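Worksheet: the structure to be examined is printed underneath.
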Amino acid sequence: MKNSGNTIILTGGGSGIGRLIARRLHDAGNTVIIASRNMDALAETAEGYANIHTLELDQTDPVSIDAFAKRIADDFPQANMLINNAGIMRMEGSLAAKRDLADAEESVTNNLLGPIRLTNALIDQLVAQPNAALINVTSGLAFVPLVLAPTYSAIKAGIHNYTVSLRAVLKDRVEVIEIAPPALRTTLTPGQENNERFMDPELFVDQVMDLLQRDPTPAEVLVEEVDYMRRTEKEDRLEETVAGINPFLANF
């Protein structure tokens with residue numbers, strides 16, 4: 001992956017690892033366009049960074065996605081990289097009884113349809129650019145589910161597989177990369193930022209940036225903290241690992 005001189009579109013740049021990655025990419029010599037519904041948060045990310053630009057995007061809304069893609073084509077025709085990072089995580093309770101599916105359905109619209117629709121809206125532009133790249137941010141839960149967040153886990157598994165398909169189809173035209181974070185101390189879910197068992201997000205982004213600068217860039221960007229989950233099925237210990245990260249299963 002080309003490390004500088006890119007024009008990069010990054011969703012979810014208003015907080016968490018999106019904010020950190022946007023600023024690191026800017027400092028590496030790239031133009032970065034960050035997008036989300038929260039323009040105030042985007043403005044905070046961009047403050048003091050001359051080549052970070054902010055654009056409104058609601059990735060749950062196909063009309064917003066189409067308008068965003070047109071704005072990119074008009075104002076940033078040189079954009080050659082897309083990072084699908086935005087998403088939400090909802091805890092859903094037990095699967096053992098009928099429940100309200102509002103959170104599950106919102107997650108599918110935001111975390112699955114959103115990146116698929118946005119990639120589709122921008123794919124012609126990416127394919128036309130030299131040094132094009134597409135990065136999808138998934139999760140260690142793509143490989144071992146958290147049963148309190150079954151839809152989130154399933155969606156991340158789906159985006160992982162969608163990324164594999166994109167990589168096969170776009171070979172030699174667009175470099176396709178997956179970043180699979182472990183549990184991080186961010187505000188993705190309430191209280192998560194204070195959980196000392198989770199990885200520090202600054203350290204995670206340090207390691208991600210190092211991996212992205214390698215030649216060749218790994219197709220899957222995996223830090224040590226998530227590698228155990230990635231290797232679970234290959235090492236035939238899925239049931240054991242599911243039980244290990246879901247110690248509350250006995251209560252369901």
Original post:
In segment 198-213, what residues are surrounded by fewer than 13 Cβ atoms within 10 Å (Cβ to Cβ) and assigned to a loop (DSSP other than H, G, I, E, B)?
Top reply: ASP200, GLN213
Original post:
Among the residues of segment 159-197, how many are surrounded by fewer than 18 Cβ atoms within 10 Å (Cβ to Cβ), at pLDDT below 95 and assigned to a loop (DSSP other than H, G, I, E, B)?
Top reply: 7
Original post:
Can you tell me which residues in segment 214-248 are surrounded by fewer than 16 Cβ atoms within 10 Å (Cβ to Cβ), without any contact (Cβ under 8 Å) to a residue 60 or more places away in the chain and assigned to a helix (DSSP H, G or I)?
Top reply: GLU224, ASP227, GLU239, GLU240, ALA243, GLY244
**OP:** Restrict the check to segment 148-157 and report whether at least one residue is buried (at least 17 other Cβ atoms within 10 Å of the Cβ), more than 17 Å from the chain's Cα centre (by Cα) and not in a loop (DSSP other than H, G, I, E, B).
**Re:** yes
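For residues that are hydrophobic (A, V, I, L, M, F, W, C) and closer than 27 Å to ASP172 by Cβ, tally how many sit in segment 130-162.
Within segment 130-162, the first condition is being hydrophobic (A, V, I, L, M, F, W, C), and the residues that meet it are 132-135, 137, 141-144, 146-149, 154-155, 157, 159.
Still in the list and also closer than 27 Å to ASP172 by Cβ: 132-135, 137, 142, 157, 159.
Final tally of qualifying residues: 8.
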**OP:** Kindly provide the set of residues from segment 1-39 that are in contact (Cβ under 8 Å) with a residue 24 or more places away in the chain and of a type in the set (D, E, K, R), ordered by number.
**Re:** LYS2, ARG19, ARG23, ARG24
Original post:
Within the set of pairs 6 or more residues apart or between chains, which connect a residue that is modelled with pLDDT of 95 or more and polar (S, T, N, Q) inside segment 130-149 to a residue that is buried (at least 22 other Cβ atoms within 10 Å of the Cβ) and in a strand (DSSP E or B) with Cβ atoms less than 6 Å apart?
Top reply: ASN136/ASN84; ASN136/GLU178; THR138/GLU178
**OP:** Test ASN120 against the criterion of being crowded, with 18+ Cβ neighbours inside 10 Å, within 17 Å of the chain's Cα centre (by Cα) and not small (Gly, Ala, Ser), and give yes or no.
**Re:** no
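Condition check: aliphatic (A, V, I, L, M) and buried (at least 22 other Cβ atoms within 10 Å of the Cβ). Does ALA142 satisfy that? Even if it seems obvious, please write down each step before you answer.
Numbers: aliphatic (A, V, I, L, M): yes; buried (at least 22 other Cβ atoms within 10 Å of the Cβ): yes.
Criteria met by ALA142.
The values are calculated or read from the model by the stated rules, or taken from the named source; none is laboratory data. The shown structure was predicted, so the numbers you read here are calculated from the model rather than taken from an experiment. Ideal geometry is used to build each Cβ from the backbone, glycine not excepted, and the neighbour counts take in all protein chains shown.
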